[in-house]
Amino acid sequence: MGYTVAVVGATGAVGTQMIKMLEESVLPIEKLRLLASARSVGKTLTFMGQEITIEETCEDSFEGVDIALFSAGGSTSAKFAPYAVKAGAVVVDNTSYFRQNPQVPLVVPEVNPDALDGHKGIVACPNCSTIQMMVALEPIRQKWGLDRIIVSTYQAVSGAGQSAINETLNQYAQVINDGVNPKEVAANILPSGGDKKHYPIAFNALAQIDLFTDNDYTYEEMKMTNETKKIMSDENIQVSATCVRIPVLSAHSESIYIETKEVAPIDQVKAAISAFPGAILEDDPKNQVYPQAVQAVGQKETFVGRVRKDLDAEKGIHMWVVSDNLLKGAAWNSVQIAETLHDRQLVKPTEEMVFEIK
């Protein structure tokens, strides 16, 4: 007997990748249900050669569901995830809504699988940028400890959804085909759909992802800071992020500087990264080998390169980290969580209902 799995947000950029990752998963699946908004009801998507009709997400959608993968926005998770838990499902949520809830484990399976033990029915998938950074840094933290992380991200437009991809391509077409000045192309989405102003991303870089908070960091930057502390169970680790959107369609890149607690020989650091599950070391400067976004697209792993000692700080290390934000940064990490729940025999109804039904 296998599981009944539901994908909420099945027609979205991440939802469609979740379906693909479930096809490649070792998770025993007996039935797949695809849930989305009312406008997608009646459409079909293919899973393992079978056409599955999309249903509308509603309060009673989760009867008989064992695992529910959510990727339809925080408001959808807030409203429907508690109904899924009440119906007996374990929810793996890919939105930011539950990430800082103390009742909810925030999990990167290669890094902190033990956090799943004792879950209350909902498990959160971290932010895409946080996930790949955790895979790259955990082998170092395990051996030499971490005191400080400074990260600058170079994030693909797919992180803002299919509409952002479409707008980017349209902007390039306006400039290249129609001769429009890059400053004057139409912009309605980036850097943040909910903010007052929108700027072109074609031939540009935007030092804003999400809205700004009161401390002048963006919510994206604060996600990376707070999620890192929670995943690593270390409130004392110093984390600072600058998140930038660049005109790459898929795969996020990150320049990361860390300071370890103990001096870490760089050859041993590279060996630790190379041996860590989910990480691939691509580091051969003499032959110009280092991670690239175009090479990471469609890959489940996190790629690490340009690993080098800081020239002035004895415990300082720099690196370049790249990963497909729709796969390891979202869909694949969610499916990995489901697989880990299965492996640890944690796919079971919770003993108490702790999440408010709104």
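The values are calculated or read from the model by the stated rules, or taken from the named source; none is laboratory data. Everything numeric in this text was worked out from a predicted model, so none of it was measured. Note that we place each Cβ from the backbone using ideal geometry, even for glycine, and neighbour counts take in every protein chain shown. Please note that ligands, DNA and RNA were not included when accessible areas were found on the heavy atoms of the full protein model with its side chains. Shrake-Rupley method; radii C 1.70, N 1.55, O 1.52, S 1.80 Å.
Among the residues that make up the range 144-155, is at least one of them assigned to a helix (DSSP H, G or I) and of a type in the set (Lys, Arg)?
No, that holds for no residue.
So how many residues does the range 167-224 have that are assigned to a helix (DSSP H, G or I), more than 16 Å from Val157 (Cα to Cα) and among the β-branched types (Val, Ile, Thr)?
Final tally of qualifying residues: 2.
Would you please list the contacts, defined by Cβ atoms under 6 Å and residues six or more apart or on different chains, that run from a residue in the range 16-41 that is open to solvent by 40 Å² or more (accessible area, probe 1.4 Å) to a residue that is of a type outside the set (A, V, I, L, M, F, W, C)?
Listed by first residue and then by second, the contacts come to Pro28/Gly2; Ile29/Gly2; Ile29/Tyr3; Glu30/Gly2; Lys31/Thr4; Ala38/Glu56; Val41/Glu56.
From the residues in the range 95-119 that are of a type in the set (Gly, Ala, Ser) and part of a loop (DSSP other than H, G, I, E, B), which one is modelled with the lowest pLDDT?
Gly118
For the range 90-98, indicate whether the set of residues that are in contact (Cβ under 8 Å) with a residue 40 or more places away in the chain, open to solvent by less than 40 Å² (accessible area, probe 1.4 Å), of a type outside the set (A, V, I, L, M) and outside the structural domain of Asn226 (by the TED database) is non-empty.
Yes: one or more hits.
Given the condition out of contact with any strand residue (DSSP E or B) (no Cβ under 8 Å at 6 or more places or on another chain), in a loop (DSSP other than H, G, I, E, B) and among the charged types (D, E, K, R), answer yes or no: does some residue in the range 120-129 qualify?
Yes: the range 120-129 contains one or more residues that are out of contact with any strand residue (DSSP E or B) (no Cβ under 8 Å at 6 or more places or on another chain), in a loop (DSSP other than H, G, I, E, B) and among the charged types (D, E, K, R).
If I ask for residues that are among the hydroxyl-bearing types (Ser, Thr, Tyr) and in a loop (DSSP other than H, G, I, E, B), which ones from the range 26-84 would you list? Lay out the reasoning, then the answer.
First, pick out the residues of the range 26-84 that are among the hydroxyl-bearing types (Ser, Thr, Tyr): 37, 40, 44, 46, 53, 57, 61, 71, 75-77, 83.
If the condition is that a residue be among the hydroxyl-bearing types (Ser, Thr, Tyr) and in a loop (DSSP other than H, G, I, E, B), then Ser37, Thr57, Ser61, Ser71 are the ones that fit.
Regarding the range 130-144, can at least one residue be identified that is without any contact (Cβ under 8 Å) to a residue 12 or more places away in the chain and surrounded by fewer than 24 Cβ atoms within 10 Å (Cβ to Cβ)?
We begin by selecting, within the range 130-144, every residue without any contact (Cβ under 8 Å) to a residue 12 or more places away in the chain; these are none.
No, there is no match, as no residue in the range 130-144 is without any contact (Cβ under 8 Å) to a residue 12 or more places away in the chain and surrounded by fewer than 24 Cβ atoms within 10 Å (Cβ to Cβ).
For the range 280-294, check the following and say yes or no: at least one residue is under 16 Å from the mean Cα position of the chain (by Cα) and among the polar types (S, T, N, Q).
The answer is no; no qualifying residue exists.
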